[in-house]
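Computed from the coordinates by the stated procedures, all read-outs in this text should not be read as laboratory data. In this text, all values refer to a predicted model and were calculated from it rather than measured experimentally. Quick reminder, even Gly has a Cβ in these numbers, built from the backbone with ideal geometry, and neighbours come from all protein chains shown.
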Amino acid sequence: MGGIASLMRTAEEFWAILKRQQVTFAAGVPCSLLESILNAAQVDVDLTYIPAVREDVALGIASAAHLSGRRGAILLQNSGLGNVVNPLTSFNLMYRIPVLMVVSWRGYGGQDAPEHLIMGEKTPELLQTLEIPYVVLEAETLDETLAWAVTTMEQRQIPVAVILRKGVVA
Amino acid sequence: MTRREALQRILAQIGEDDLALFTTGMISREAFDLRDRPANFYMLGSMGLLSSLGLGLALQWPARTIWVIEGDGSALMSLGTLPLIASYRPPNLVHIVLDNEVYESTGGQPTITSTIDLTNLAQAAGYPFARHIADAAALDAALADALAVTALRFMLVKVTGRAPEGIGRVTLTPEELKDRFARALMGAPAATHSSKVTPAGRG
C-alpha cells in the first residue's frame, strides 16, 4: 500500500457520490479507462445504464432524464467528443438540457497510442470552444468536484464535463 | 398519399396523455401547423437524434405511449439506433418513418430509400411489429392494429408531395418548447415513472 494506489477511488465510491447528487440514469460508450465504472453501473440496482451505439445516441437517451425531472449522465472516451458536437450545440445547449458528461482522457500528456494524441491534446480546448464547463477529476477531491459539476449543470441548465485520467478511479 | 395527409391521420390517433416527438425540418413544421399541443416535442436541430431521445423517454415512462415521428433521412442518419431500440423492445414506443425518399427541407435531394426498405431493417433489428404502408387505407388499418397491441411498433409510411407554400416555422423558442414539454410530462402520475430498466431478455 501507499503511494498513488492508496489515493485511488473505487467505482462504487464514484457512483455513490453521483447517486447522492441524484444522477441515476446514464448511457454511454465504453473506454478502458471507464471499465470499472461501467462494470459497477451494470450491477447497481439503483442505476440505469444504457449501452449506446454511439456517443450522440447516448446523449439523446440521457437527455430524457432532464425532461423527466431527473438527472442524466453520459460516459464516453474523449475521442467520442467529436460525435457529440452536433447534439451539444443544436440540442442540449440550445434547449438548455443539462447532462453530466463523464469523459475519459486518453492521450493525456502525449503518452498514449497515436490515435489518441491529437484529441488528447485538443480535449480541453474543444470543451472551451463549446463553452461547456469542465473540470479534471482528482482522487482527493472527487466528492466536492462531482458535486460542483452537478450543481453547475443544474444552475446553468447546460451540460458539464468531468474529465477522468488514468489512475483516479480504479 | 401526401405527407400532410399521413400526418393528419397519425396525429388524429395520438392520445391525450401520449408524448409525440417530431424530427428536424418539415415534419416538425407541418405537425406544428396541423396539431400543436404541449406534449409535442419538436427537434429543431440535431437531425437523427430523435429516436435516441424517444428511447430514453420510453424507458423512463413505461405507462405512457411515446410516438417518434421522423423522416427517412433522419432514420438513416442514426440507423444504429434501430437495433438498440429493438434490444430494449419498449412496448410503449411507436416509431414512424414518413418516407418521401428525399431530403425535402434542403431542396429535395434524394436519399437511398427508393431502393432500400427500412421496414426490412426494422424487422431484422427485432421490432416485433413492422409494417410497410403504401396508401391511406393501409395507414388507417395499420394504426388501428398498432393501437390494439402493446409492443414496440415500427411503421414505414411512403409519402409524396411537398409542404404547403409558406408553411410557418415553429414559433416557440427552444426553451419554451422544452419547458412546456417537461410540464406536460411531469403532470403524469409518479407511479408511472420507472427507476430501473433492462433490455428485453437481458433483465
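Numerical summary
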read-out	value
Index of the failed condition, B:Asp36 passing every other in (1) within 20 Å of A:Leu88 (Cβ to Cβ); (2) free of Cβ contacts under 8 Å to residues at least 12 places away in the same chain	(1)
Output for the range A:72-82, where each listed residue is crowded, with 18+ Cβ neighbours inside 10 Å and over 21 Å from B:Ala63 (Cβ atoms)	A:Ala73, A:Ile74, A:Leu75, A:Leu76, A:Gln77, A:Asn78, A:Ser79, A:Gly80, A:Leu81
Residue that is touching a residue at least 60 places away in the same chain (Cβ under 8 Å) and either under 17 Å from B:Leu11 (Cβ atoms) or touching a Pro at 6+ places or on another chain (Cβ under 9 Å) (or both), where the choices are B:Arg180, B:Arg169	B:Arg180
Tally of residues being part of a loop (DSSP other than H, G, I, E, B) and more than 23 Å from B:Gly126 (Cα to Cα) across the range B:138-164	5
Within the range B:1-31, tally of residues that are among the β-branched types (Val, Ile, Thr) and assigned to a loop (DSSP other than H, G, I, E, B)	3
Wholly enclosed strands (runs of 3 or more DSSP E) of the range A:1-108 bearing at least 2 residues closer than 17 Å to A:Ala161 by Cβ and within 14 Å of chain B (Cβ to nearest Cβ)	A:23-28, A:71-77
Considering residues of the range B:32-43 that are in a loop (DSSP other than H, G, I, E, B) and in contact with a Phe, Trp or Tyr (Cβ under 8 Å, 6 or more places away or on another chain) only, the residue nearest to the other protein chains (Cβ to nearest Cβ)	B:Met43
B:Gly54 vs. criteria on the phi < 0 side of the Ramachandran plot and either within 13 Å of another protein chain (Cβ to nearest Cβ) or not polar (S, T, N, Q) (or both)	yes
Search result, residues across the range B:165-191 that are in a loop (DSSP other than H, G, I, E, B) and surrounded by 12 or more Cβ atoms within 10 Å (Cβ to Cβ)	B:Ile167, B:Val170, B:Leu172, B:Thr173, B:Ala188
Residue among B:Gly71, B:Gly126, B:Gly108 that is under 14 Å from B:Ala6 (Cα atoms), free of Cβ contacts under 8 Å to residues at least 60 places away in the same chain and not hydroxyl-bearing (Ser, Thr, Tyr)	B:Gly71
Test: residue in the range B:42-64 that is farther than 22 Å from A:Arg96 by Cα, surrounded by fewer than 23 Cβ atoms within 10 Å (Cβ to Cβ) and free of Cβ contacts under 8 Å to residues at least 60 places away in the same chain	no
